[in-house]
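Okay, so here's the structure we're looking at.
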Amino acid sequence: MPPLLIQPGILLGALLAALYSATDISDALAIENSPFLIAVIQGVIAFLAATLLSQPPWWRAIHLIFLPLVAGALQLDLPPWLYLAAFGLLVSVYWRTFRGDVPLYLSNQATAEAARALLPKRGGVRAIDLGAGTGGLLRHLASGRPDGLFTGIEHAPLPFLLARLAASDLSNCTVMRGDFWHHPLGPYDMVYAFLSPLPMPRLWEKAKAEMRPGSLLVSNSFPVPDVEPQRVIEIADRRGTRLYCYSM
Ligand SMILES: C[S@@+](CC[C@H](N)C(=O)[O-])C[C@H]1O[C@@H](n2cnc3c(N)ncnc32)[C@H](O)[C@@H]1O
């Protein structure tokens, strides 16, 4: 089930706000019963409920501002096509994130540099970025190793298009549109992934089944649960990025 639908904070807040608007509480408090005020009350109640239920900070913030933002935007009287356009843009960037897939966030330059240093030194090396985003990391690898072949797979349409366009002048770099779960990992010396904690056990099973002995799985930020990495590289960036390296 999509995470938004099972958020108890939202449900509880909505229920209490509905009770508030359906009863005489607002009259008793002598407050005008406006949709915006009801939305704010819903947000505050949902925020408190989410806090009591120990939900992560970003969910609490979403609970707090979601309905007030909707009510506020309605009051701006914006043309309906604008909402459709914003929705289209978000879908083209985040694609299947609502199903629990990984959203778009990008490896930084220092991380790309560290990943490049992990590539085997011999010529003809092959590497893949699973979920290449806008392809920055992939281009960094490919431009630094003209002797190698680099592949990126991305399923979200807009990042894929940007990645493909930006890589068009690199002859050793291919960006494909598709689902990396259906792409074999056998040909690669290094597999790079910057995903989330959720898919790591499945990725590990896929890597064990498909990657060649001697090849390297590198996971940015998210370790494989219960598997000791051979090496952890700590990047000196602001977010304290770690690269978990698993030799196959
Ligand atoms: C956190 S971003 C990482 C982007 C890039 N690898 C980097 O390090 O800068 C993860 C990307 O994986 C993509 N993605 C998630 N699941 C995918 C799948 N099953 N197949 C292809 N792409 C996927 C998302 O759309 C997103 O762009």
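Only the coordinates and a few stated rules stand behind these numbers; no lab work does. Every value quoted in this text rests on a predicted model; they were computed, and no experiment measured them. A quick note on method: Cβ atoms are made from the backbone with ideal geometry, for glycine too, and the neighbour counts reach across all protein chains shown.
In table form, for the structure just shown:
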{"quantity": "Calculated FRET efficiency for the pair Ser92/Ser34, C-beta based, R₀ 41 Å, to 0.05", "calculated": "0.70"}
{"quantity": "Residues Arg177 and Leu198, FRET efficiency given R0 of 22 Å [Cβ-Cβ distance, rounded to 0.05]", "calculated": "0.50"}
{"quantity": "Local electrostatic count at Ser215 - Lys and Arg +1, Asp and Glu -1, tallied over other residues with Cβ under 15 Å", "calculated": "+4"}
{"quantity": "Rg to Rh quotient for the chain, alpha carbon positions, Kirkwood Rh", "calculated": "1.10"}
{"quantity": "Theoretical gain in end-to-end length, Ser247 to Ala61 [0.36 nm per residue, Cα-Cα removed]", "calculated": "63.0 nm"}
{"quantity": "Net length gained if the chain between Leu84 and Leu53 were fully extended (0.36 nm per residue, minus Cα distance)", "calculated": "7.8 nm"}
{"quantity": "Sum of side-chain charges, Gly136 neighbourhood, beta-carbon under 15 Å (Lys, Arg +1; Asp, Glu -1)", "calculated": "-2"}
{"quantity": "Least to most buried among Thr151, Thr241 (fewest other Cβ within 10 Å first)", "calculated": "Thr241, Thr151"}
{"quantity": "Around Thr111: net Lys/Arg minus Asp/Glu count, Cβ-Cβ under 12 Å", "calculated": "0"}
{"quantity": "Residue (of Ala112, Pro79, Ser34) at the positive-pole extreme of the chain, dipole from beta-carbon charges", "calculated": "Ala112"}
{"quantity": "Spatial separation of Cα centroids for segment 83-132 and segment 150-200, in angstrom", "calculated": "7"}
{"quantity": "Estimated FRET transfer efficiency when R0 is 30 angstrom, pair Glu228-Leu106 (beta carbons, to 0.05)", "calculated": "0.60"}
{"quantity": "Gain in span if fully extended, Lys208 to Ala166, counting 0.36 nm per residue against the direct Cα distance", "calculated": "11.9 nm"}
{"quantity": "Over the chain: helical MRE at 222 nm, DSSP H runs n ≥ 4 each giving -39500 (n - 2.57), nearest 500", "calculated": "-14000 deg cm²/dmol"}
